[in-house]
Amino acid sequence: MASKNDPESDVEAEGGQHGGVQSVDRALAVLEILARDGHAGVSEIAEEMGIHKSTVSRLLGSLVSREMVHQNSERGKYQLGFGILRLASSIPGRLSLVQEARSVLESLAEEFKETVNLAVLRSNYAVNVDQAMGPSTLAMYDWVGSLTPLHATSSGKVLLAALEADERDRILKHTGLPARTPRTITSRDALENQLLEVARDGYAQAKEEFEIGLNSIAVPVYNHVGSVIGAVSVSGPAFRFKPEEIEGLIESLGQAGLQISAKMGYTGR
């Protein structure tokens, strides 16, 4: 009898009555792994899922062909692709948010010479749906389409702080608080205390919590009924980007969030 790591058993399973459903389930599991970890190789995915590497390769090949997954040519690992962003953007309200925010993002990037992102909450993560690049040669990473952990990013903290307590509890129980760097907050109590500060101050920061050497600050974007529907962040290298020390940054970012909110129908009441 073939084991679960036997490629022949995988082929038999995929070809059976429930093979299509199993393939879909496995493909979704691959996407969840990439969303959680940022990138992963065939061997890593196969080990976590308990299936043969050849099966993982077939799944990845299909996802790549639909642009749901992209292979990093330098490291050979896989990450989420632009197809995911297209799906997210098709959700009612998301695409208009991107359109209305674009000019504001560009103005912020020009003013502070750093990278500006617009993020929304999707499937327990913060997904970046648009980005404006500062002129710095160091600001080269394209975050559009990236799913980032809520507890380790400034945008994620803004989105978490806006949730009802039971919904926040559900998400954090599902995702946990994995350490992305030695500076990531992994204590639920410490995170909750910080989220209270976010709600009080109107902005959130992440200091090398998602990546060593990367700092960010974010503010909320509201819709016409006053619900938080997104977050605008400014990020940059930690050696030069220290939000508290940059004159006018917090005020300008807050105004940018309100400007986008006004375009979405928010009146401040």
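Laboratory data are not the source of any read-out in this text; all were calculated from the coordinates shown. Because the structure is a prediction, the values reported are computed rather than measured. Note that we place each Cβ from the backbone using ideal geometry, even for glycine, and neighbour counts take in every protein chain shown.
Before moving on, here are some points about what is shown:
- Sorting 106-114, 202-210 by average packing, meaning the other beta carbons within 10 Å per residue, from highest down gives 202-210, 106-114.
- Kirkwood hydrodynamic radius of the range 146-229, Cα pairs, Å: 12.9
- Angle between the chain longest axis and helix 94-112 axis [Cα atoms, degrees, rounded to 10]: 60
- Under 17 Å of direct C-alpha separation, and excluding same-chain neighbours fewer than eight residues apart, LYS53 reaches these lysines: LYS4, LYS77.
- Relative contact order computed over the chain (Cα-Cα under 8 Å; 6+ residues apart), in percent: 14
- Listed residues VAL221, VAL129, VAL21, most fluctuating in the chain (Gaussian network, C-alpha, under 10 Å): VAL21
- Share of pairwise Cα separations in the range 188-269, more than 21 Å, in percent: 34
- Between helix 249-263 and the chain: long-axis angle, C-alpha atoms, 0 to 90°, nearest 10: 70
- Phi angles across the range 49-63 convert, under the Karplus curve 6.51 cos²θ - 1.76 cosθ + 1.60 with θ = phi - 60°, into 3J(HN,Hα) values of 7, x, 10, 6, 4, 5, 5, 4, 4, 5, 4, 5, x, 5, 5 Hz, Gly and Pro given as x.
- Here the peptides 181-188, 150-157 are ranked by packing, the mean other Cβ count within 10 Å, and the order with the highest first is 150-157, 181-188.
- For the chain, a simple Cβ point-charge model (Lys and Arg +1, Asp and Glu -1, everything else neutral) yields a dipole of about 280 debye relative to the Cα centre.
- Among the GluC sites (Glu not before Pro) found in the range 157-198, those both in a DSSP coil and sparsely packed, with 13 or fewer other Cβ atoms within 10 Å of their Cβ, are GLU164.
- Taking the DSSP bridge list for the chain and keeping only pairs wholly inside it, about 100 percent are antiparallel.
- Angle between the chain longest axis and helix 188-201 axis [Cα atoms, degrees, rounded to 10]: 40
- Since only PHE241, ILE229, VAL144 are under comparison, the one whose Cα sits farthest along the positive direction of the charge dipole of the chain, derived from C-beta charges on Lys, Arg, Asp and Glu, is ILE229.
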